There are 2 protein chains.
Amino acid sequence: MTKNAKYILKIINSSSDHLTAEQIYLCLKERNKAVALATVYNSLSFLHKEGLIKKISIEGCPDRYDNTKRHDHMICKKCGKLSDITLENLTGRLQEQTDIYIISYDLKIIYICDDCLAKEDKA
Amino acid sequence: MTKNAKYILKIINSSSDHLTAEQIYLCLKERNKAVALATVYNSLSFLHKEGLIKKISIEGCPDRYDNTKRHDHMICKKCGKLSDITLENLTGRLQEQTDIYIISYDLKIIYICDDCLAKEDKA
DNA sequence: AGCAAAAATTGGAATTATTCTAAATCTATT
DNA sequence: AATAGATTTAGAATAATTCCAATTTTTGCT
């Protein structure tokens, strides 16, 4: 675990957003810890391989990185906003329904956020 | 709905695989219905917008396209193989747990397929 | 059928996130 | 301070997808 990987891990763990590689790169720059974008990617892929961070891939957007505390994601169908949600022991309940050995899962709930709902009501 | 979009929809609906844009392009060529790759992408994005096909995005692979009959996906952690699985009324059960209005969801179960399990046992 | 307007298709260039590469720099150990 | 090993770097390369402007096909109208 390199010094830079540590900084990056700290940034991800202390952010409540879901940051892109670029955002992390800029964040380091702001804090006068500038590194090359390639280093950000290197560190992210190391951290991901080690299971220390989660990678969220969304259609047509750059990947985002997230802490590993168990939670799921919701994406607003209208504006694309990404939010967190926590579902009680879904792995267990999925496991009950199947024979296969489930290692983990990746769930994205598609919904319409309050802001977009409000806009729709007005229209 | 253009002629080409119809062909493409038929190909997707009658395939049990999850085809990439490229594979569809080649498939049309084989059937002497060759079109430009751009047309394949145009048609796919039309079909997707209309909700006639589903798009599966997997980390580091080109997008794949699938029919819309409700089912979920499993990805083998070792070999990346993508398979189908059907879970009973998961939308309903997710809905019970949340206040938000769920339009749909996208679930990928990460598991280890039988082939890879067998290989592991041998080793 | 003949023609104009609209729609669809095309090939190729452009885009963009990410990975690769080979050189440069840093770190630690003797 | 010399060496080896790891890390970082800048920029080139890659690859899926989108964009674009030109051409072709289809459509609707008379």
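Here, each number is a calculation from the coordinates, and none is a lab measurement. Keep in mind that this is a model prediction, so the values were computed, not measured. No Cβ is skipped: glycine too gets one built from the backbone with ideal geometry, and neighbour counts run over all protein chains shown.
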For this session: Have a look at the range A:72-122 and give its Rg and Dmax from the Cα atoms, expressed in angstrom.
Result: 14.8, 48
Exercise. Between copies, how far does the label point of A:Arg93 sit from its twins, in nm, shortest first, when each point is 7 Å from Cα along Cα→Cβ?
Worked result: 0.7
Exercise. FRET efficiency for B:Glu30 and A:Gln97, Cβ-Cβ distance as r, R0 = 45 Å, nearest 0.05?
Worked result: 0.70
Problem set entry | From the C-alpha gyration tensor of the protein assembly as shown, square roots of 5λ in Å | 31, 24, 23
Problem set entry | Karplus-derived HN-Hα couplings along the range A:15-30 (A = 6.51, B = -1.76, C = 1.60, θ = phi - 60°), whole Hz, x at Gly and Pro | 9, 9, 8, 10, 8, 8, 4, 4, 5, 5, 4, 5, 4, 5, 4, 4
Problem set entry | Inter-copy separations for B:Thr68, label at 7 Å along Cα-Cβ, nm, ascending | 3.9
Exercise. For B:Ile58, which sequence-distant residues (separation of 5 or more, or a different chain) have an amide H within less than 5 Å of its own amide H, given hydrogens modelled in the peptide plane?
Worked result: B:Arg64
Exercise. Which whole-Hz ³J(HN,Hα) couplings does the range A:63-78 yield from phi under the Karplus relation 6.51 cos²θ - 1.76 cosθ + 1.60, θ = phi - 60°, glycine and proline marked x?
Worked result: 4, 10, 10, 9, 6, 9, 4, 4, 6, 10, 10, 10, 10, 6, 5, 7
Seminar exercise, completed: As a Kirkwood estimate from alpha-carbon pairs, the range B:1-105 has a hydrodynamic radius in angstrom of 15.2 Å
Exercise. So what are the ³J(HN,Hα) numbers for the range A:90-106, from phi and the Karplus equation (6.51, -1.76, 1.60; θ = phi - 60°), rounded to whole Hz, Gly and Pro as x?
Worked result: 5, 3, x, 6, 5, 4, 4, 8, 9, 8, 5, 8, 7, 7, 6, 8, 9
Problem set entry | Set of aspartates and glutamates with alpha-carbon distance to B:Lys54 below 18 Å, sequence-local pairs under 8 removed | A:Glu59, A:Asp106, B:Asp17, B:Glu22, B:Asp63, B:Asp66, B:Asp72, B:Asp84, B:Asp106
For this session: Determine the alpha carbon to alpha carbon distance for each of B:Lys55/B:Lys119; A:Lys81/A:Lys119; A:Lys6/A:Lys108; A:Lys29/A:Lys108 and list only those over 20 Å.
Result: B:Lys55/B:Lys119; A:Lys6/A:Lys108; A:Lys29/A:Lys108
For this session: For B:His73, list long-range residues whose amide hydrogen, built 1.01 Å from N in the peptide plane, is under 5 Å from its own amide hydrogen.
Result: B:Ile85, B:Leu107, B:Ile109
Exercise. What are the trypsin sites (Lys or Arg not before Pro) within the range B:38-101 that DSSP puts in a loop, where the Cβ has at most 15 other Cβ atoms within 10 Å?
Worked result: B:Lys69, B:Arg70, B:Lys77, B:Lys78, B:Lys81
For this session: Can you list the distances in nanometres, one decimal and ascending, from the A:Ala118 label point to the identical position in each other copy, with the point 7 Å along Cα to Cβ?
Result: 5.8
Exercise. Looking down the axis that turns B into A, which residue of B has the closest beta carbon, and how many Å out?
Worked result: B:Leu107, 3
